[in-house]
Amino acid sequence: MRIGVTVPNFGPAATVDSLRAWAALVEDAGFDFLMVGDHVAATPDVTAAYPGPFWEPLTLLGYLAGVTRRVELGTTVLVVPYRDPLQTARSLAGLDQLSDGRLIVGVGVGWARSEFAALGIDPGRRGEITDEYLDALLALWSDDLVSFAGRHVAFTDVDTRPRPHRRPHPPLWIGGNGDAARRRAVRWGQAWHPLRVPAGWLRTEGLPALRRAADEAGRPVPALAPRIVLHPSDERRPDADRLAGEGRPDQIRADLDELRDLGATHVLLDTHRDATTVGHDHAAERAVLEEAAGWLLG
């Protein structure tokens, strides 16, 4: 099971030096991958949760690919309707090539209604747009010359080179905790990427629902690659009242052991709490992660 870390690409502390330090810590401490989030328009609902500035993820991953050598790089999650699929396919294929095949593409439908409005997108149609754009992405990654006709996008004889690196396409992780996300994971994803789940929820509810979705579609069950919090504390937290990854170190290690038993191929650790904790210096957060690496990876 590979363990990764979210790199906070937002807030006043997200300077170039800080982002470079995060990437160095993730790689040097022995973690396997890093991921960044996605917002395009800094509308009030976005900045309430993620204070600016917010680095555009594909641009940032291109930079981080150049200052790392080993770790995989990804998005958690790229909001599919925000970008034209031709542009997205081309950018992601280029990132995959230039990083020597280290890209993971976590995707989702998004939630920020005013951000959709700023981009001229009906938020009520974000699910159907996501579905069509995922079809278009996979078509663009399937051959060197591609045509596609859909309700929201159409193109003819598009030259898609360069193609993704040494494989049909980068792995797609479908983010989200609900039924629609599980159905998308079964249809398009190499992995289901649930986000910040309660302790024990995957065993009792999430994975049984994923298996039902796969059975109904007559398709294989995708891999499990959850994002959980990393919020260590001195106090033991009751399991009925905590997210996976919260509590004493022994509780967090037990969460990772359970995810390993459930067959998770990857686990992403998220250190972010809420907007009030975004300070002007990420050094303290990186110190917590560096200390945690000793009892997580040792």
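The values are calculated or read from the model by the stated rules, or taken from the named source; none is laboratory data. None of these values were measured; they are calculated from a predicted model. Cβ sites come from the backbone with ideal geometry, for glycine too, and all protein chains shown count toward neighbours. Side chains are part of the model used for accessible areas, which takes the heavy atoms of the whole protein and leaves out ligands, DNA and RNA. Shrake-Rupley method; radii C 1.70, N 1.55, O 1.52, S 1.80 Å.
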What does the net charge come to around Leu134 if you take all other residues with beta carbon closer than 10 Å to its beta carbon, with K and R at +1 and D and E at -1? -1
What are the extents of the Cα atoms of the range 32-171 along their three principal axes, in Å, largest first? 41, 39, 17
Taking the alpha-carbon centre of each part, the distance from the range 1-60 to the range 96-160 in Å is 22 Å
Just the number, please: carbon plus sulfur as a percent of the accessible area of the range 93-189, 1.4 Å probe, no ligands or DNA/RNA counted. 48 percent
The FRET efficiency for Arg236 and Arg69, from their Cβ-Cβ distance with R0 = 25 Å and rounded to 0.05, is 0.05
The range 16-74: Kirkwood hydrodynamic radius (Cα pairs, Å) comes out at 12.3 Å
So between Asp215 and Arg151, what do we pick up on full extension, going 0.36 nm a residue minus the alpha carbon distance? 20.2 nm
Ranking by accessible area, most exposed first, for Asp45, Asp215, Asp84 with a 1.4 Å probe: Asp215, Asp84, Asp45
With label points built 7 Å along Cα→Cβ from the Cα atoms of Arg253 and Arg273, find their separation and express it in nm. 2.4 nm
Report, by chain and number, residues whose modeled amide H sits under 5 Å from the one on Val197, excluding near sequence neighbours (fewer than 5 apart, same chain). Val229, Ala244
Residues Ala21 and Asp45, FRET efficiency given R0 of 30 Å [Cβ-Cβ distance, rounded to 0.05]: 0.55
Using just the helices of the chain, give the 222 nm mean residue ellipticity in deg cm²/dmol: DSSP H runs with n ≥ 4 each add -39,500 (n - 2.57), and the total is spread over all residues, rounded to 500. -12000 deg cm²/dmol
DSSP beta bridges in the chain [antiparallel fraction, %, rounded to 5]: 15 percent
Please calculate how many Å² of accessible area the chain carries per residue, with a 1.4 Å probe and no DNA, RNA or ligand atoms counted. 44 Å²
Within the range 1-41, what whole-number % of the accessible surface is contributed by carbon and sulfur, with the 1.4 Å probe and all protein chains included in the calculation? 50 percent
Kirkwood Rh, angstrom, the range 170-242 [1 / mean 1/r, Cα pairs]: 12.9 Å
Provide the packing ranking of 138-145, 172-179, i.e. peptides ordered by the mean count of other C-beta atoms within 10 Å per residue, highest first. 172-179, 138-145
Taking r as the C-beta separation of Ala283 and Gln97 and R0 as 30 Å, the FRET efficiency to the nearest 0.05 is 0.35
